[in-house]
Amino acid sequence: MSTAVMETPAASRVHYLNANYGIKSWLFTTDHKRIALLWLGSITFMFFIGGAAATLIRLHLIEPTGALVQPATYNKLFTIHGVVMIFFFLIPSIPAVLGNFLVPLMVGARDLAFPRINLLSWYLYIIGAIFVLYAILTGGVDTGWTFYTPYSSTYAHSQVIATALGVFIVGFSSILTGLNFIVTIHKMRAPGLTWFRLPLFIWAIYATSIIQILGTPVLAITIFLLGLERLLHVGIFDPAIGGDPILFQHLFWFYSHPAVYIMILPGMGVISELIACFSRKRVFGYAMVAYSSMAIAVLSFLVWGHHMFVTGQSVYAGLIFSVLSFMVAIPSAIKVFNWTATLYKGSISYDAPMLYALGFIGLFTMGGLTGLFLASLAVDVHLTGTYFIVAHFHYIMVGGAVMAYLGGIHFWWPKITGRLYPDGWARFAALIIFVGFNLTFFPQFVLGYLGMPRRYAVYPAEFQVLNVMSSAGASILGIGYLIPLIYLIWSIRYGPVAGPNPWGAKGLEWETPSPPPTENFEEIPVVTEEAYAYAEPEDGSHG
Amino acid sequence: MAELSAGSTHAAVHPPGFHHQFEDMEQQHEAGNLGMWVFLVTEILFFGGLFASYTIYRSLYLPGFEAGSRLLDVKLGATNTAVLIGSSLTMALAVHAAQTGKRKALVLFLLLTMVLGAVFLGIKFDEYSTKWHHGLVPGLKWAPDEEMHNNAPLGSVELFFCFYFFMTGLHALHMLIGFGIMTVMTVKSWRGEFSPEYYAPIEVSGLYWHFVDIVWIFLFPLLYLIGGRY
Amino acid sequence: MSGHVVSVRLYVTIFLALLLLTGLTTGVAFIDLGPYNTVAALAIAFVKMLLVVLFFMHVRYSSGLTKIVVLAGFFWLAILITFTLSDYFSRGLDNPPNGWGPSISAPPNP
């Protein structure tokens with residue numbers, strides 16, 4: 001653990017947190033760092049909404065006949081859980097919180113290219129969230145987060161339009177954030193900061209932004225068409241006039257598959273930063289990791305049909321999508337190998353961020369490998385619609401993305417707040433989360449393999465033991481998530497003051513005080529060295 | 001180790017309209033352009049979902065789509081195409097006027113662009129009214145005359161008209177937004193806010209307007225002309 | 001700060017070309033070319049789009065980055081269209097195993 005250098009206490013220096021006071025200075029700010037904190041508060045709130053739905057689901061599934069709610073309500077619970085967690089937590093999380101805070105700092109700029117659009121993006125998120133919260137409070141929605149027609153367009157008697165509107169609006173939030181990052185990274189890098197000197201986090205954010213730009217508009221038009229069909233009682237997915245519900249799925253998954261890479265790519269960027277810092281080594285194969293982010297961005301758009309193998313899509317299209325789905329795993333695997341090689345002969349320290357990073361590598365790998373089972377068309381026929389799928393994507397999204405998010409929050413917390421958090425509690429929480437996570441979701445792989453369907457409010461009695469294990473794990477996981485909430489908030493007031501670089505990390509964000517001044521840097525830095533220029537290890541091994 | 005730059009360009013001239021997150025006007029201009037192009041890419045995909053769906057259904061239901069297309073007024077469609085192309089010319093001339101510092105010409109061309117845009121929307125409104133009168137509006141008033149669809153399957157004709165209204169309606173919505181943008185630009189131009197050194201908002205608004213024109217350039221043949229009018 | 005200034009003369013020339021092409025595409029629609037009506041209409045529309053993009057929108061004089069951004073947009077639209085079409089065009093081709101009923105084909109012509 002590094003020594004906390006006692007700097008001039010933050011209170012006596014002007015920085016972005018104390019430069020202005022009052023609620024208007026926050027709600028009308030254009031400072032990317034303040035906007036990042038607005039996002040932090042909002043997505044944390046939505047995380048607990050989605051988590052509440054998950055809690056009710058797991059409580060309900062303790063009994064084979066359902067312990068808690070009616071099946072109609074159960075449908076609403078998993079729908080709300082999915083909609084909130086995907087659109088209002090995972091997709092924004094790392095880009096909107098860590099990306100907004102760090103991108104200008106990491107590229108040596110004073111702010112993003114379009115600060116007012118940045119603020120607009122947050123307001124759009126809030127408006128979208130209000131629509132979804134309204135939907136939840138006025139009866140909920142039960143179509144699944146996938147909104148498949150014709151149920152969503154014709155037969156559902158729930159708050160489809162309000163939810164769809166919320167998702168539509170938050171999509172524009174996502175587009176604007178991505179746009180801002182692309183322009184900033186292209187046009188506002190500090191002198192000397194060439195593309196291949198950029199931190200890998202920036203490459204990851206850049207690739208993510210490309211996906212956001214190219215994919216989200218298709219979701220927007222699809223939701224728009226769904227809304228029109230629901231309102232007009234006729235539309236282009238309506239079989240009565242020759243429409244095809246499968247077309248909805250094509251359009252929906254054209255976005256929603258790349259969306260899962262929107263959720264994981266930034267996490268991979270965080271992991272590159274954490275592994276490098278806590279191994280005190282350059283990331284092995286930097287260029288390959290950068291290229292793999294771009295490859296993922298491109299390939300992710302070519303595989304969406306693997307969500308539709310059993311829907312009536314042609315077998316030949318299915319074959320093509322299956323082959324491409326195997327290919328898209330390759331760049332992810334390249335990253336895992338490169339991180340592992342970075343660890344090799346590194347000087348490893350086990351601070352909390354590193355625990356999250358190590359957990360990510362293991363759990364993401366499991367999630368990714370199980371994705372290959374699902375990419376195999378013939379195997380997917382049996383596993384689709386079962387808990388195997390649920391386990392697969394939770395290993396990636398929770399074991400992967402959420403762990404990366406928490407690791408990043410812990411890593412950059414001192415920079416963001418100027419405070420250190422209690423490391424003992426942080427490591428403890430990381431372990432609780434790891435244990436709770438595996439206990440929750442590993443049994444679900446088994447359940448899926450044994451044939452338990454997903455999105456069902458009841459299940460055969462023989463599956464009860466595994467379900468109870470899963471629910472028990474969920475309670476541990478929930479506690480694990482509450483602990484950081486407590487000590488991180490505590491640290492804002494009572495944590496030891498942090499210096500500019502408590503971890504001894506490389507990167508422009510560490511060369512400015514903690515918390516940074518509003519204008520980020522006194523003078524724009526000039527970059528002369530490669531990324532992760534840690535001192536060479538003594539035995540000469542290097543990446 | 002990154003060094004602090006000696007004399008940064010921060011002390012350089014701050015022309016009107018300069019935003020301080022940038023290092024200089026050139027960076028700001030390039031960023032604005034790139035930003036608008038990235039936004040237009042999102043619009044390509046936004047409209048693209050409709051174009052993709054149209055392509056698929058047309059390949060499946062050609063007779064119905066052709067029958068539907070023949071019910072559209074080609075003369076009005078062609079006129080509208082010419083009107084919109086004219087508005088793109090006036091928009092390009094507006095940018096030219098801004099680049100060469102001609103304030104009055106700039107305002108004039110922006111106003112002309114808006115006038116032509118209004119003509120376009122007027123013609124569209126006329127077309128929509130006619131469709132309503134003939135009962136060709138899916139979902140709201142779908143009661144076409146028997147001989148109107150020439151024995152083509154009625155369902156796919158209705159599907160065609162879904163596309164007609166969704167695509168031209170979304171296009172018209174974008175034109176209305178363009179109107180709003182042009183209004184703001186006209187007011188700012190009148191106030192003399194632009195010059196050869198700072199005209200990026202005009203240029204960027206022009207990009208948006210031209211994009212809306214391009215969407216129509218494709219909508220016109222796909223909706224009005226692929227109907228076998230011979 | 002500079003951007004390329006295109007001459008008024010060039011703008012008007014492009015405008016006239018666009019009008020001409022509009023007239024052409026409208027006229028061709030009244031001649032029976034069979035399947036080539038569609039090809040002609042799309043080709044002319046494509047040329048018109050190129051003229052607007054290259055000259056009215058200044059892409060002819062823009063950086064390589066701008067050109068790549070524009071191309072990427074259309075390329076991704078092409079991905080959406082072709083991959084989705086590949087499903088619809090190949091649905092009638094498969095021979096399902098015995099007992100599965102008629103092959104999954106395009107939705108019936110209503």
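Quick note: the coordinates plus some simple rules give every number you see, no bench work behind them. Predicted, not measured: the structure shown is a model, and the values here were computed from it. Every residue, glycine as well, gets a Cβ built from its backbone with ideal geometry; the counts of neighbours run over all protein chains shown.
Around B:Leu136, which amide H atoms from residues at least 5 apart in sequence, or from another chain, sit under 5 Å from its own amide H, with H modelled in the peptide plane?
Amide H neighbours of B:Leu136: B:Ala143.
Remind me, relative contact order of chain B in percent, using alpha carbon pairs under 8 angstrom and six or more residues apart?
Taking the mean separation of contacting Cα pairs over the length of chain B, I get 32 percent.
Which distance in nm do the two modelled labels at A:Ser12 and B:Glu197 give, with both placed 7 Å along the Cα-to-Cβ direction?
If labels sit at A:Ser12 and B:Glu197, their model points lie 4.3 nm apart.
Between A:Ser349 and B:Val187, what is the label-to-label distance in nm when each label sits 7 Å out along the Cα-to-Cβ direction?
In this crude spin-label approximation the distance works out to 5.6 nm.
Report the residue, chosen from B:Val184, B:Val215, B:Val204, that carries the largest GNM mean-square fluctuation when chain B is represented by alpha-carbon nodes joined by springs under 10 Å.
B:Val184
Build a GNM of chain B with springs between Cα atoms under 10 Å: which of B:Arg58, B:Arg103, B:Arg191 gets the top mean-square fluctuation?
Of B:Arg58, B:Arg103, B:Arg191, the Gaussian network model singles out B:Arg191 as fluctuating most.
Go ahead and run the numbers for FRET between A:Gln464 and A:Thr73, Cβ-Cβ distance against an R0 of 25 Å, rounding to 0.05.
Working from the Cβ atoms, E equals 0.75.
Tell me the chymotrypsin sites (Phe, Trp or Tyr not before Pro) within segment B:65-120 that lie in a loop according to DSSP and have at most 11 other beta-carbon atoms within 10 Å.
Taking segment B:65-120 and a limit of 11 other Cβ atoms within 10 Å, no loop chymotrypsin sites (Phe, Trp or Tyr not before Pro) are found.
Under a point spin-label approximation (7 Å from Cα along Cα-to-Cβ), what is the A:Tyr134-A:Leu319 distance to one decimal in nm?
4.9 nm
Are there chymotrypsin sites (Phe, Trp or Tyr not before Pro) in segment A:20-54 that DSSP marks as loop and that have at most 13 other Cβ atoms within 10 Å, and which are they?
Counting only loop positions with at most 13 other Cβ atoms within 10 Å, the chymotrypsin sites (Phe, Trp or Tyr not before Pro) in segment A:20-54 are A:Tyr21, A:Phe28.
I need the phi-derived Karplus couplings for segment A:254-267: 6.51 cos²θ - 1.76 cosθ + 1.60, θ = phi - 60°, integer Hz, Gly and Pro marked x.
4, 7, 6, 6, x, 4, 5, 7, 4, 7, 9, 4, x, x
Assuming R0 = 22 Å, can you tell me the calculated FRET efficiency for the pair B:Phe179 and B:Ser129, based on Cβ-Cβ distance, to the nearest 0.05?
My answer for the efficiency is 0.65.
Tell me which of A:Trp145, A:Ile396, A:Asn501 sits at the most positive position along the dipole axis of segment A:36-511, charges placed on C-beta atoms (Lys, Arg +1; Asp, Glu -1).
A:Asn501
To the nearest whole number, what is the average tally of beta carbon atoms from other chains within 10 Å of the beta carbons of peptide B:204-212?
Taking all residues of B:204-212 together, the mean is 2.
Let me have the relative contact order for segment A:296-428, percent, based on Cα pairs under 8 Å that are six or more residues apart.
Here the relative contact order equals 27 percent.
Fully extended, how many nm does the chain gain between A:Thr528 and A:Ser376 (0.36 nm per residue separation, minus their Cα-Cα distance)?
On the way: separation 152, 0.36 × 152 = 54.72 nm, distance 4.70 nm.
Gain on extension, A:Thr528 to A:Ser376, equals 50.0 nm.
Count the net charge of all other residues whose Cβ sits under 14 Å from the Cβ of B:Ala98, scoring Lys and Arg as +1 and Asp and Glu as -1. Present the calculation step by step, with values, prior to reporting the outcome.
Details: positive: B:Lys102, B:Arg103, B:Lys104, B:Lys188, B:Arg191; negative: B:Glu193, B:Glu197, B:Glu203.
Net charge in that neighbourhood comes out at +2.
When the helices in chain B are scored as -39500 (n - 2.57) per DSSP H run of 4 or longer and the sum is shared across all residues, what 222 nm value do you end up with, to the nearest 500 deg cm²/dmol?
Working: 6 runs with 159 residues, N = 230.
So the calculated ellipticity at 222 nm is -24500 deg cm²/dmol.
Can you check what the net charge comes to around B:Phe22, using other residues whose Cβ is under 11 Å from the Cβ of B:Phe22 (Lys, Arg +1; Asp, Glu -1)?
Values: positive: A:Arg110, A:Lys187; negative: A:Asp111, B:Glu23, B:Asp24, B:Glu26, B:Glu30.
After counting each charged neighbour, the total is -3.
With a 10 Å cut-off between alpha carbons and a GNM built on chain B, which of B:Phe165, B:Phe51, B:Phe18 moves the most?
Ranking B:Phe165, B:Phe51, B:Phe18 by mean-square fluctuation puts B:Phe18 first.
Would you mind working out the magnitude of the charge dipole of the protein assembly as shown relative to its Cα centre, with +1 at each Lys and Arg C-beta and -1 at each Asp and Glu C-beta, to the nearest 20 Debye?
Magnitude of the dipole: close to 700 debye.
What relative contact order, as a whole-number percentage, does chain A give when Cα pairs under 8 Å and 6 or more residues apart are counted?
Value for chain A: 20 percent.
What Kirkwood radius, in Å to one decimal, follows from the Cα pairs of segment B:25-224?
18.2 Å
Using the Karplus curve 6.51 cos²θ - 1.76 cosθ + 1.60 with θ = phi - 60°, what ³J(HN,Hα) values do you get for each residue of segment A:278-290, in whole Hz, with x for Gly and Pro?
Residue by residue, segment A:278-290 yields 8, 10, 6, 9, 4, 5, 5, x, 3, 4, 5, 5, 4 Hz.
R0 = 45 Å: FRET efficiency of A:Trp195 with C:Leu33, Cβ-based, nearest 0.05?
On the way: r = 49 Å, r/R0 = 1.09.
Once the sixth-power term is evaluated, E becomes 0.35.
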